[in-house]
1. How big is the charge dipole of the chain about its Cα centre, in debye rounded to the nearest 20, if each Lys and Arg gets +1 on its Cβ and each Asp and Glu gets -1 on its Cβ?
2. Between Thr28 and Val81, what is the label-point separation in nm under the 7 Å Cα-to-beta-carbon projection?
3. Which order, highest average first, do 136-147, 62-73 follow once you tally other Cβ atoms within 10 Å for each residue and take the mean per peptide?
4. Rank Ala172, Ala14, Ala149 by mean-square fluctuation in a GNM of the chain with C-alpha springs under 10 angstrom and give only the top-ranked residue.
5. At a threshold of 8 angstrom on Cα-Cα distance, excluding pairs fewer than six apart, so keeping six or more, what relative contact order does the chain reach in percent?
6. Gain in length, Asp96 to Glu36, computed as 0.36 nm per residue apart minus the alpha-carbon separation, to one decimal in nm?
7. Student exercise: in the chain, how many lysine pairs 8 or more apart or on different chains have Cα atoms under 16 Å apart?
8. Which cross-chain or sequence-distant (5 or more) residues have an amide H under 5 Å from the amide H of Val77, H modelled 1.01 Å from N in plane?
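The values are calculated or read from the model by the stated rules, or taken from the named source; none is laboratory data. The shown structure was predicted, so the numbers you read here are calculated from the model rather than taken from an experiment. So basically every Cβ, Gly included, is an ideal-geometry build from the backbone, and we count neighbours across all protein chains shown. All accessible areas refer to the heavy atoms of the entire protein, side chains included, with ligands and DNA or RNA removed. Shrake-Rupley method; radii C 1.70, N 1.55, O 1.52, S 1.80 Å.
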Amino acid sequence: MASTTIDNETELSAVNSILGAIGQSPVTTIVFDNPEISFIYNILRDTNVDVQNEGWHFNSEKHISYTPDSTTGKIAVGNDVLKMDVTDGWVKRNYDVVKRNGYLYDKYDHTDDWSDISEISLDIIRLLNFEDIPSVFQRYIIARASRLAATQLVANPQLVTLLQQQETLTRASCMEYECNQGNHTTFGFP
């Protein structure tokens, strides 16, 4: 018996799905010299960030330890961190952290110098590469980006409506995935 092989989504296949949704031909490579391909790719990238910025089970991490640099006292925060908060910050209100100029900044003490602590524990929302997120979220991002592309590039309200319905269905799949994976309760705690 032959097995079925399904390739994972890539940015190229996502761009081609969006192009197909708006009635355009697929491409073999993402070439930024083509303004339409560049525009579609930017919509895909922005939609990926917007969706992941909501904070889902797959890109949320709790109790991540950060230590200050021994010479500067600063704590570098990577570009992949979309959101962060002090672990149990709603209980212990010692810090109010944000990212400023690539470093962890405390809004209470108005400083990015953390040399007086050995480490700080943060809960973060991390931006993952498109290829590394669950397939239901890839499909949702593609559906949402397709609707945005149709809205901006194609003057066809019926197409936009159909794509919006598809977007709603794929978001529902994401919510089901989130509920199953996150083991959430009515009280908001796993």
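1. Dipole of the chain, to the nearest 20 debye: 480 debye.
2. Label-label distance for Val81 and Thr28, simple model: 4.3 nm.
3. Output ranking for 136-147, 62-73: 136-147, 62-73.
4. Ala172
5. 25 percent
6. Net length gain for the segment: 17.4 nm.
7. 8
8. HN-HN under 5 Å from Val77: Tyr103, Leu104.
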